[in-house]
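Reading through the C-alpha cells given below for one structure.
The values are calculated or read from the model by the stated rules, or taken from the named source; none is laboratory data. For clarity, every value in this text was computed on a predicted model and none was experimentally measured. Don't worry about glycine lacking a Cβ; one is built from the backbone with ideal geometry, like all the others, and counts go over all protein chains shown. In case anyone asks, the SASA skips ligands and DNA or RNA and just uses the protein heavy atoms, side chains included. Shrake-Rupley method; radii C 1.70, N 1.55, O 1.52, S 1.80 Å.
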Amino acid sequence: MLRRAALSVLGVEPVGPYTLLRLRRGAIRPGVPGQLFMLEAPGRLLPRPMSLCLAPPGELGFLIDPIGPGTRALACLEPGDELGVLGPLGHGFRLDVERPLLVGGGIGIAPLPYLSERLGHPPALVGFRSEWHAEAAALVPRAEVVVEPTLVTERLPEEPWDVLACGPEPMLRALRRLAPSAQLAWEAPMACGYGACYSCAVELDGEWQRLCVEGPVLSGGLR
Amino acid sequence: MAETLRRGAGPERRPPLILNASGCLDALTAPAVARSLDAFVTKTVTPLPRGGNPPVRIAETDVGLLNSIGLANLGIDAFLERQLPRLGELGVPLWVSVGGFAADGYAASCARLEGRPEVEALELNLSCPNVDGAAGTAAEIVLACRRVTAKPLYAKLSAATWDLGETARAVEAAGADGLSLVNTLRGLALDERTLQPRLGTALGGLSGPALRPVALAAVYACARVTTLPIVGMGGVARGRDALALLAAGASRVALGTVLFGDPQAPARIRAELAEEAALLGFRTPAEAVGAAHGREDGRSATLDQRLRSFPQNTCKLGTNEAVDRRS
C-alpha cells in the first residue's frame, strides 16, 4: 500500500558539498535501509528518489547532492516548510548477513549511515572525489575513507565479506566482478517510484528490472 | 448529457469520468491507484514482446516531462495468459491499449481480445512517438480492427498531424467509437553541461503541463467535426484542467504525468473537478461537457450565470495557487 504524507522540515544542514535534509517523521516509516522515498521537489513536475540516510527517533534524514533543479529545490527548503513524501518503496538491503562490509562512493554513501545502525556498525569503506566531498564520511561509523585517484575497489579486502554497496554505476559494476554476491543499490532517473512508469528499468544480465520495484537493491545484479 | 457519456461504452451506472492515460500506470504493481480510477487503461500491448528503449528513459524539463519508454510490454500472448486474468480481478473496468506496426498486427490483437469478458474497451495507440510509426493510416488500422471486434474502439491520436479534424472524421467513418486525445508530442532535452541528449534515444514524448493547450485545442477541434465521445488528456494536474477539457468537448478525462508525483491524484482531481464545476453553477461536471462551444441548452449554468457565480471579490480563489493550497 502506497503511503504519502506531507512532512515538515526540521533542519537543512550542509555536509561538505551535500545537504542533510531533516524531516519530521510523521506518518512515514523509515523502512528497510536501501529502500527509496519519493520527495516532492518544490516547483518541479516530478518528485526525486532518495534513500534514507538517518533515522533518529521521530525524524527522517536525507542526504542530497544539489546537482540539478530538483535537488537544488530540496536543498533550499527551510525549517517549517512542508513537502510530500511517498515511501518507503522497493526492496532494500537484506540484513541477514554474517560479515557485512559497507561500501559507498560519493553521494552513494547516503543509505550507509542508517544501514550501519541497523547492522550494529560494521566496517565500512567509502570513496570520494575530493577531500571536501569526503566530509560526508563523518556520517558513516567505522569508515575507511579513500579519495580519488584511489578507488574503493582497490582497497576491497580479499577475505569473504558480505558486501553491501551503493555508489556510481562503474563502481557497482566493478564490485559485481570482485564480489559476485554483493548486494548493490542501483540508481536511474525515475518518475514515479512505485512501478507505474517503467522509466527506471535497467537491463542486467539480460533481464529488465524496475529499480523502484525489483530494486533498488539487487543481489549480484539480480534479486 | 448522460446519454453522451454512455455512448459507445454500453450501459453503465456511473459514467466513467477519470481514467489514466495508457502507458502511465501498471495496475498489477499499483492496484490501489488503478482502483481509484473509473476505468484503467493498460500499457500498450504489441503483437511481440518489447523490452523497451535503452536508458535514460526519462527527463524532466521546466515545462513538461520527456519519456522514452518505447512500449515495453510482454506481448499479446503473455498479456492474455499472465496479465489479463489478474487485471480482471482488480474490479475496475478495463481498457486495453493495443499497438502494432501494421494494420493486420493491430487487428490480430483485437481479435484475440474480442472474446475476453474482462475487457470493456479497446484503445488503438496510433501515435506513440517513441517507436517507428505503423504502416498504414489511422483509418486503415481502425477499419481492420472494426472488422474483428464489437467492443468499443477508441483511436488514440497525436496532435502532431496536419489536420487532426480530418483524421478524426476518417477514423469515425472507419468505425471508431471514440477518440483519445492526445498522445505525447516529440521533444528533445539536452544536458546543460554536455549539451548531449538526456534521453537514451535522444528524442522522446513530451507530456505534462506543456501539453495542456495542445490537448484542449485537439479536443475542441475534434468535438466540432465529429460526434464521437472523447477522452481528453494532456497535462491534467488539477480539477480545473479536467473541467477545461470537458468544456472543450471531452466526456472523460485521463491522467498521466500527474500520477507519477501524486498517486492519489485521481481522488483529488475528482473532488476538485466537482468543486470547480459547482463554482461555475454546474450541477455535475458532466453538465459542463462542450460548454466551450457556446451551446447553452440543457445546462443549469448559462454563460451569464457562470460569470455571475464566479467569485469576483476573492481575487485568490480560482487561481492555481488557491487550488494548490486547498489540495
Worksheet, complete the sentence: Being surrounded by fewer than 24 Cβ atoms within 10 Å (Cβ to Cβ) and modelled with pLDDT under 95 narrows B:R193, B:R212, B:R240 down to just B:R193
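Looking at the stretch A:1-27 only, could you name the residues that are within 14 Å of chain B (Cβ to nearest Cβ) and either open to solvent by less than 60 Å² (accessible area, probe 1.4 Å) or charged (D, E, K, R) (or both)?
First, the residues of the stretch A:1-27 that are within 14 Å of chain B (Cβ to nearest Cβ): A:1-6, A:27.
Residues satisfying the conditions are A:L2, A:R3, A:R4, A:A5, A:A27.
Yes/no matrix, rows are residues, columns are (1) at pLDDT 95 or above; (2) farther than 28 Å from A:V202 by Cβ; (3) more than 18 Å from the chain's Cα centre (by Cα); (4) more than 14 Å from chain A (Cβ to nearest Cβ):
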site	(1), (2), (3), (4)
B:P16	no, yes, no, yes
B:K43	yes, no, no, no
B:E60	yes, no, yes, no
B:L65	yes, no, no, no
B:G70	no, no, no, no
B:E81	yes, no, yes, yes
B:V96	yes, no, no, yes
B:A107	yes, yes, yes, yes
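With the structure loaded, tell me whether B:V92 is open to solvent by 10 Å² or more (accessible area, probe 1.4 Å) and facing chain A (nearest Cβ under 9 Å) or whether it fails that test. Step through it out loud before you land on a result.
Details: open to solvent by 10 Å² or more (accessible area, probe 1.4 Å): yes; facing chain A (nearest Cβ under 9 Å): no.
Answer is no for this residue.
Kindly indicate whether any position in the stretch A:176-183 is free of Cβ contacts under 8 Å to residues at least 12 places away in the same chain and either in contact with a helix residue (DSSP H, G or I) (Cβ under 6 Å, 6 or more places away or on another chain) or among the small types (G, A, S) (or both).
Pass one, the stretch A:176-183, residues free of Cβ contacts under 8 Å to residues at least 12 places away in the same chain: A:177.
From what's left, either in contact with a helix residue (DSSP H, G or I) (Cβ under 6 Å, 6 or more places away or on another chain) or among the small types (G, A, S) (or both): none.
Looking for residues that are free of Cβ contacts under 8 Å to residues at least 12 places away in the same chain and either in contact with a helix residue (DSSP H, G or I) (Cβ under 6 Å, 6 or more places away or on another chain) or among the small types (G, A, S) (or both), one finds none in the stretch A:176-183, hence no.
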Practice prompt. Report, by residue number, each residue of the stretch B:45-58 that is facing another protein chain (nearest Cβ under 7 Å) and at negative phi.
Written response: B:G51, B:P55, B:V56, B:R57, B:I58
Item to complete: Have a look at A:A188, A:A174 and point out the one that is within 14 Å of another protein chain (Cβ to nearest Cβ) and among the small types (G, A, S).
Response: A:A188
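I'd like to check something: does the stretch A:45-55 contain any residue that is among the aliphatic types (A, V, I, L, M), away from every other protein chain (no Cβ under 13 Å), in contact (Cβ under 8 Å) with a residue 12 or more places away in the chain and crowded, with 23+ Cβ neighbours inside 10 Å?
The initial filter retains those residues of the stretch A:45-55 that are among the aliphatic types (A, V, I, L, M), namely A:45-46, A:50, A:52, A:54-55.
If we keep only those that are away from every other protein chain (no Cβ under 13 Å) as well, we get A:50, A:52, A:54-55.
When the remaining residues are screened for being in contact (Cβ under 8 Å) with a residue 12 or more places away in the chain, the result is A:50, A:52, A:54-55.
Within this subset, residues satisfying the condition of being crowded, with 23+ Cβ neighbours inside 10 Å are A:50, A:52.
Yes, the stretch A:45-55 has at least one match.
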Practice prompt. Determine which single condition A:P57 fails, assuming it passes every other condition in (1) at pLDDT 95 or above; (2) in contact with a strand residue (DSSP E or B) (Cβ under 7 Å, 6 or more places away or on another chain).
Written response: (2)
Practice prompt. Would you be able to say whether some residue in the stretch A:62-78 is open to solvent by less than 30 Å² (accessible area, probe 1.4 Å), more than 24 Å from B:D62 (Cβ to Cβ), more than 14 Å from chain B (Cβ to nearest Cβ) and not in a strand (DSSP E or B)?
Written response: no
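Among B:L211, B:L203, B:L195, which is the only one that is of a type in the set (A, V, I, L, M, F, W, C) and under 22 Å from B:A244 (Cβ atoms)? Can you show your working first?
On the way: B:L203 fails: under 22 Å from B:A244 (Cβ atoms); B:L195 fails: under 22 Å from B:A244 (Cβ atoms).
Exactly one residue qualifies, and that residue is B:L211.
Among the residues of the stretch A:84-102, is any in a helix (DSSP H, G or I), away from chain B (no Cβ under 14 Å) and modelled with pLDDT of 95 or more? Before you say what the answer is, go through the steps one by one.
At the first step, the residues of the stretch A:84-102 found to be in a helix (DSSP H, G or I) are none.
No, every residue in the stretch A:84-102 fails to be in a helix (DSSP H, G or I), away from chain B (no Cβ under 14 Å) and modelled with pLDDT of 95 or more.
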Discussion item. Which of the numbered conditions does B:R35 fail, given that it passes all the others? Conditions: (1) in contact (Cβ under 8 Å) with a residue 24 or more places away in the chain; (2) surrounded by 15 or more Cβ atoms within 10 Å (Cβ to Cβ).
Written reply: (2)
Item to complete: Determine which single condition A:L218 fails, assuming it passes every other condition in (1) assigned to a strand (DSSP E or B); (2) out of contact with any strand residue (DSSP E or B) (no Cβ under 9 Å at 6 or more places or on another chain).
Response: (2)
Worksheet, complete the sentence: Taking first residues from the stretch A:193-205 that are more than 10 Å from A:L2 (Cβ to Cβ) and second residues anywhere that are buried (at least 21 other Cβ atoms within 10 Å of the Cβ) and among the polar types (S, T, N, Q), the pairs with Cβ under 6 Å that are 6 or more apart or on different chains are A:V202/A:Q209
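Select, from B:A322, B:A288, B:A278, B:A265, the only residue that is modelled with pLDDT of 90 or more and surrounded by fewer than 19 Cβ atoms within 10 Å (Cβ to Cβ). Steps first, answer last, please.
Numbers: B:A322 fails: modelled with pLDDT of 90 or more; B:A288 fails: surrounded by fewer than 19 Cβ atoms within 10 Å (Cβ to Cβ); B:A265 fails: surrounded by fewer than 19 Cβ atoms within 10 Å (Cβ to Cβ).
On inspection, the qualifying residue turns out to be B:A278.
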